[in-house]
Amino acid sequence: MRTEGGHGERRLQGLGIAPGIAIGRAFVSDNSAITVSERRIELAEVDSEQKRFARAVETAIKQLKKLKTKAVALPGTAAEEMGYLLDAHLAMLSRSRFVRGVERRIVEERANAERAVALEIESMGESFAAMGDAYLAARIEDVRVVGQRLLRNLTKTPYATFKSLAEGTIVLAEELSPADIALMDPKQVKGFASVLGGAEGHTAIMARALGIPAVLGIADLLKDAAPGDAVALDGTTGEVVLRPSAATHARFEKRRTAIERAGRGLARLKRLPAETRDGVEILLEANLELPREISQALSVGAQGLGLVRTEFLYMNRDDLPDEDEQYASYLELVRGMDGKPVTLRTLDIGGDKLAAPLAELMEGEGNNPALGLRAIRLSLKERSLLDAQLAAMVRAAAHGPVRILLPMISSVGEVRAAREQLAHVARRLKRRGVRMPDELPPLGVMIEIPGAALAADALAAVADFFAIGTNDLIQYALAVDRGDERVAYLHNPLHPAVLRLIQFAVEAALRAQIPISLCGEMAGDPRYTALLLGLGIRDLSMAPANVPRVKQRVRAMDLAAATQRARAIMDQLDDARIASLLDDFNELA
Ligand code: PEP
Ligand code: MG
């Protein structure tokens, strides 16, 4: 490829946030260049400055509404993503903390509108950053983007457009907003890179949703990039090369061909059933931590949410989420999944997962937090916590299929106590006259303590379903701290003890005719798929990104052969032999 602009190849390293290889010509954007005059105003100007700000807000609202009508036409999940995002931006412009903050600064600090906006962005950014939370860090980006829009409106600076670019363009910019990305036509824009931006931000989410390879956070990206320069970009590794040499160019081309070939295979799978060669359908579900991850679950074709870790609603904050806040979160998931099952697990705090607002309750949990007051034990001790969760879950169940899952169950008594609590909460909700489902949601238990697996027949008599949590099951069966890298080599899913516990639980569930799924990390690794299906599991729940590869494995396998191999494996006592029997099978089918 011919090179223009600066001199010779220049390699840069950033954060790869949307996978894929892009090779093309640079379009260098100066989208961030707004000339703003910040000044102190006289008392007499306060009123006119307030009005100027109100007009800028009004224009911004109109612009966002217009963008919303355009966003509907975006491909795939990008339309939905953009819709959520624009709603969030619109909310920020209607009597929000941000708008009130700017107005206050105009009056109290006598700042002109531009200065008031800039100061408010800065101060909100600082207070969000002080909370040290990735989710809030991403919200800073939203505040800045909305602020930039207001500054543009105040200074009447038009937006640079990414609408009509030459085919094969790679956009290089100081910062790109999600709205910028939405205007990009993937046929023209092959990739983009920017100086600012993080992997959690909406710009990154949009890039992934649109499938545009992208790299963010390259400090000296614009130093010697010139329009028309050849650029090669790897959205996985974060490598960006300006004016690549012939050898570099060939290296990127080779990777592009390999990725495209693999991607074509996996993407085709999305709409295909997760069905074995001998015609047995397997349920592949997603594990979710935060409601906002739902679009990823949907985009890979997950057939439900097999595990929602609600404890993440309690983290990175000082107060507890109340019933209404939880209801809103769960409802978002139920609506998002549109009739597919959503399994909400009650709080699993303790051990390696801690939350500030619960710190006091957890105090004195002893020297061995993994065996202490955690998960269901805490919920049953602090009934108000469980009440709020169960009430929110039952309310969400009025809008779609919800299952309630109890973590760290070790005894039948815990399940009975939780069920009584559920009935009590339901009666109270009925009295309150809130909308209820016709039937209470099924109440299931995690099988993640070896004792629970060994007593699975007893638990099956009181539970409506099982979900095996191999992460903890392995930790407790083999006495291996799952968070300690020094003993990580012992955390072995193929240990005969672990496999026997899984088998025990599966057989108890089958005998009792209750559903059973597996939602530990093991579910997302295609190496174990044949063995788990061979043991009788038909429902696997995993991180959304793993769904395509596991589906590929399911579709390549003959379940009868996998069942036979699982039997042979269960006769073995040595984990090395188990591993080789499994790996040989995986190579053949
Ligand atoms: C497990 O223990 O396997 C599980 C799925 O739960 P968590 O990882 O949240 O403990
Ligand atoms: Mg667990």
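Bear in mind these aren't lab numbers, they're just calculated from the coordinates by the rules spelled out. As the structure is a prediction and not an experimental result, all values here were calculated from the model. So basically every Cβ, Gly included, is an ideal-geometry build from the backbone, and we count neighbours across all protein chains shown.
What is the list of residues in the range 533-556 whose amide nitrogen lies under 12 Å from a point 7 angstrom out from the Cα of LEU510, following Cα to Cβ?
533-538, by backbone N distance to the label point.
How far apart, in nm, are two points set 7 Å out from the Cα along the Cα-to-Cβ line at ALA497 and at ASP30?
In this crude spin-label approximation the distance works out to 6.8 nm.
With +1 on each Lys and Arg Cβ and -1 on each Asp and Glu Cβ, and nothing else charged, work out how big the dipole of the range 43-155 is about its Cα centre, in Debye to the nearest 20.
It works out to roughly 500 debye.
Report ³J(HN,Hα) in whole Hz for each residue of the range 521-530, in order, from the Karplus equation J = 6.51 cos²θ - 1.76 cosθ + 1.60 where θ = phi - 60°; Gly and Pro get x.
These are the phi-based 3J(HN,Hα) values: 4, 4, 5, x, 9, x, 4, 9, 4, 4 Hz.
Put +1 on the Cβ of every Lys and Arg and -1 on every Asp and Glu Cβ in the range 215-278; which of ALA258, LEU221, GLY238 then has its Cα farthest towards the positive end of the dipole?
Most positive-ward Cα: ALA258.
For helix 383-397, what angle does its Cα long axis make with the longest principal axis of the chain, in degrees from 0 to 90 and rounded to 10?
80 degrees
At 10 °C and 1.306 mPa s, what whole-number value in µm²/s does Stokes-Einstein give for the translational diffusion of the chain, with Rh from the Kirkwood sum over Cα pairs?
60 µm²/s
Here are some pairs, LYS66/LYS187; LYS254/LYS551; LYS163/LYS223; LYS190/LYS254; LYS270/LYS340; which of them have Cα atoms lying more than 19 Å apart in this structure?
Correct reply: LYS66/LYS187; LYS254/LYS551; LYS163/LYS223.
Long-range amide H contacts for MET184: which residues qualify at under 5 Å (H placed 1.01 Å from N, peptide plane, sequence gap of 5 or more or a different chain)?
none
Based on the mean of other beta carbon atoms within 10 Å per residue, what is the order of 565-574, 295-304, 175-184, most packed first?
Highest mean packing first, the order is 175-184, 295-304, 565-574.
Less than 14 Å Cβ to Cβ from ALA576, Lys/Arg counted +1 and Asp/Glu -1: what total charge do the surrounding residues give?
Once positives and negatives cancel, what remains is -3.
Taking the Cα centre of the chain as origin and charging only Cβ (+1 Lys, Arg; -1 Asp, Glu), how large is the dipole, in debye to the nearest 20?
With Lys and Arg at +1 and Asp and Glu at -1, about 1800 debye.
If I take all pairs of Cα atoms in the range 43-155, what percentage of them are more than 20 Å from each other?
For the range 43-155, the share of Cα pairs beyond 20 Å comes to 43 percent.
Go through the range 322-328 residue by residue and turn each phi into a ³J(HN,Hα) via Karplus (6.51, -1.76, 1.60, θ = phi - 60°); whole Hz please, and just put x for glycine and proline.
Taking θ as phi minus 60°, the curve returns 7, 4, 5, 5, 5, 4, 4 Hz for the range 322-328.
Compute the acute angle (0 to 90°) between the alpha-carbon long axis of helix 246-269 and the principal axis of greatest extent of the alpha-carbon atoms of the chain; round to the nearest 10°.
50 degrees
Give me, ordered by chain and number, the residues 5 or more places off ALA226 or on other chains with an amide H under 5 Å from its own placed amide H.
For ALA226, whose amide H was placed from the backbone, the distant partners under 5 Å are GLY6.
Please list the non-local residues whose amide H lies under 5 Å from the amide H of LEU305, H modeled 1.01 Å from N, same-chain partners needing a gap of 5 or more.
Result for LEU305 returns ALA286, VAL342, THR343.
What is the magnitude of the charge dipole of the range 200-345 about its Cα centre, with +1 placed on the Cβ of each Lys and Arg, -1 on the Cβ of each Asp and Glu, and no other charges, expressed in debye to the nearest 20?
1100 debye
Using the charge dipole of the chain (Lys, Arg: +1 at Cβ; Asp, Glu: -1 at Cβ; taken about the Cα centre), state which of ILE349, PHE504, ALA118 has its Cα farthest towards the positive end.
Positive-end residue among those listed: ALA118.
Each residue of the range 416-427 in turn: what ³J(HN,Hα) in whole Hz from Karplus with 6.51, -1.76, 1.60 and θ = phi - 60°, glycine and Pro shown as x?
For the range 416-427, the Karplus curve yields 4, 4, 5, 5, 4, 5, 4, 5, 5, 4, 5, 4 Hz.
Answer rounded, prolate or oblate for the range 282-517, using the Cα gyration tensor with square roots of eigenvalues a ≥ b ≥ c: rounded when a/c is under 1.5, else prolate when a/b is larger than b/c, else oblate.
rounded
State the antiparallel share, in %, of DSSP beta bridges confined to the chain, rounding to the nearest 5.
Expressed as a percentage, antiparallel bridges in the chain total about 35.
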